[in-house]
């Protein structure tokens, strides 16, 4: 077996803590920003959606690079794994700098087009937060690329430690800048940016250690390798297009939600954070499965790829079920932490309970299973299904339910789970066959 139970625990447990830390810090961020006012929470939540869209473009490259490096590791070829790793970081850095320049140049018309109907105070907060956090896109892209490489080496403990440092810096910066310096939204943005720069610096230093299975030592060049970049982009571009259009769809939905009032925007922001906590086991398993399946595919062992896929999905489903039960029971108490209006609190409880129930049933086959397909190189088909499902079901049904019923924000989240159902059916049918097992040889 390529991975023992000990190997899997070594990979997954730090990923769970890393994801948990990130989510808990995100929740505290919202609470701290909420102290500035509901308009601040709404403005930051709107910009976070835009930032995720941009970040997904570079994060997709990290996935492509990790898969390619994983294939080389499965073939016991550390030298080419290191070459692919450096090309990933070099290309990610160049692309993210270009994206940052464009974003900062068009931020005003961009926000006006997407969220022009929001209150002036919300828009002011959004502009401030966007301009400052845009500076952190490149450091975060480099961090994500290197973190993906560490996971490919079955070393998620290191990324967990760096995540601890990054998030502690972010929290400390928030406390000092939001409350101490009374900088409000700007303080939150600068704290986030500084923490990401530090994290990127630390992880880059560690990648130069020569004793690692994948190392930048001896690989540094400022010339792009067309062959390796092509292999990385073969995985990364469809994944990036899928993630970007997915996030663009969420932005369109935010435009719809923004018409429901500031209380709905705030409730949606809180529910997004809690939904991330609910999906934490799945998110951790997603990262682990991509690395595990890539190694199996590189070794040409699809029987083990299927074995580990089934095993990791069962763990994710059982863990999610435990969190969902807690979420349903304690949702009202959790909402007391956030400084929301009574209308926003009531709405948030309804939404998060719906999400908790459906996450157990549909989240893993919708978002975890396709990572095995991607690891094998079956990226075009997964992209087409994801994009079609997002735009036909999630967006289409959201507008239908919001206009034809009185469900409001809850209707938007119900449409999201219809999207999950369609994806789950398509991915399960694809995985059941064997066509996905022939893509790596073909490419």
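Some points to look at:
- Selection status of residue 92, closer than 20 Å to residue 185 by Cα and crowded, with 24+ Cβ neighbours inside 10 Å: no
- Tabulated pairs, segment 227-238, first within 14 Å of residue 374 (Cβ to Cβ), second surrounded by fewer than 20 Cβ atoms within 10 Å (Cβ to Cβ) and at pLDDT 85 or above, C-beta under 6 angstrom, 6+ apart or interchain: 238/380
- Of the listed requirements (1) more than 20 Å from the chain's Cα centre (by Cα); (2) crowded, with 16+ Cβ neighbours inside 10 Å; (3) over 29 Å from residue 251 (Cβ atoms), residue 150 misses just one: (1).
Listed here are the residues, each with its yes/no results for (1) at pLDDT below 90; (2) in contact with a helix residue (DSSP H, G or I) (Cβ under 7 Å, 6 or more places away or on another chain); (3) crowded, with 18+ Cβ neighbours inside 10 Å; (4) over 27 Å from residue 268 (Cβ atoms).
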| residue | (1), (2), (3), (4) |
| --- | --- |
| 336 | yes, no, no, no |
| 386 | no, yes, yes, no |
| 406 | yes, no, no, no |
| 424 | no, yes, yes, no |
| 434 | yes, no, no, yes |
| 443 | yes, yes, no, yes |
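- Note on segment 77-89: residues that are buried (at least 24 other Cβ atoms within 10 Å of the Cβ) and modelled with pLDDT under 85 amount to 1.
- Exactly one residue among 178, 162 is more than 21 Å from residue 59 (Cα to Cα) and in a helix (DSSP H, G or I), and that residue is 178.
- Residue check: residue 417 meets all listed conditions (1) more than 30 Å from residue 64 (Cβ to Cβ); (2) assigned to a helix (DSSP H, G or I) but one, namely (1).
- Applying the condition of being within 28 Å of residue 380 (Cα to Cα) and touching a helix residue (DSSP H, G or I) at 6+ places or on another chain (Cβ under 6 Å) to segment 205-228 and asking which residue is surrounded by the fewest Cβ atoms within 10 Å (Cβ to Cβ) yields 225.
- Restricting segment 100-116 to residues that are modelled with pLDDT of 85 or more and closer than 21 Å to residue 236 by Cβ, the residue that is surrounded by the most Cβ atoms within 10 Å (Cβ to Cβ): 100
- Pairing each residue of segment 339-355 that is buried (at least 18 other Cβ atoms within 10 Å of the Cβ) with any residue that is assigned to a helix (DSSP H, G or I) and modelled with pLDDT under 85, provided the two are 6+ apart or on different chains, yields C-beta distances under 6 Å for 340/266; 344/263; 344/266.
- Test: residue in segment 62-76 that is at pLDDT below 85, in a helix (DSSP H, G or I), closer than 27 Å to residue 44 by Cβ and within 23 Å of the chain's Cα centre (by Cα): yes
- Residue in segment 314-328 that is within 19 Å of residue 63 (Cα to Cα), modelled with pLDDT of 85 or more and in a helix (DSSP H, G or I) present: no
- Neighbours by Cβ (under 8 Å, 6+ apart or cross-chain): first from segment 212-224, in a loop (DSSP other than H, G, I, E, B); second at pLDDT 80 or above and loosely packed, with under 11 Cβ neighbours inside 10 Å: 215/209; 217/209
- Consider segment 22-55 and keep the residues that are within 18 Å of the chain's Cα centre (by Cα) and modelled with pLDDT of 75 or more. The one that is surrounded by the most Cβ atoms within 10 Å (Cβ to Cβ) is 44.
- Residue check, residue 351 at pLDDT 95 or above and part of a helix (DSSP H, G or I): no
- Listed by position, the helices (runs of 4 or more DSSP H) contained in segment 358-406 that have at least 2 residues being without any contact (Cβ under 8 Å) to a residue 24 or more places away in the chain are 379-389, 396-404.
- Yes/no for residue 296 being more than 26 Å from residue 434 (Cα to Cα) and buried (at least 22 other Cβ atoms within 10 Å of the Cβ): no
The values are calculated or read from the model by the stated rules, or taken from the named source; none is laboratory data. Being a predicted model, the structure only gives us computed values, none of them experimental. Methodologically, a virtual Cβ is constructed for each residue, glycine included, from the backbone with ideal geometry; neighbour enumeration extends over all protein chains shown.
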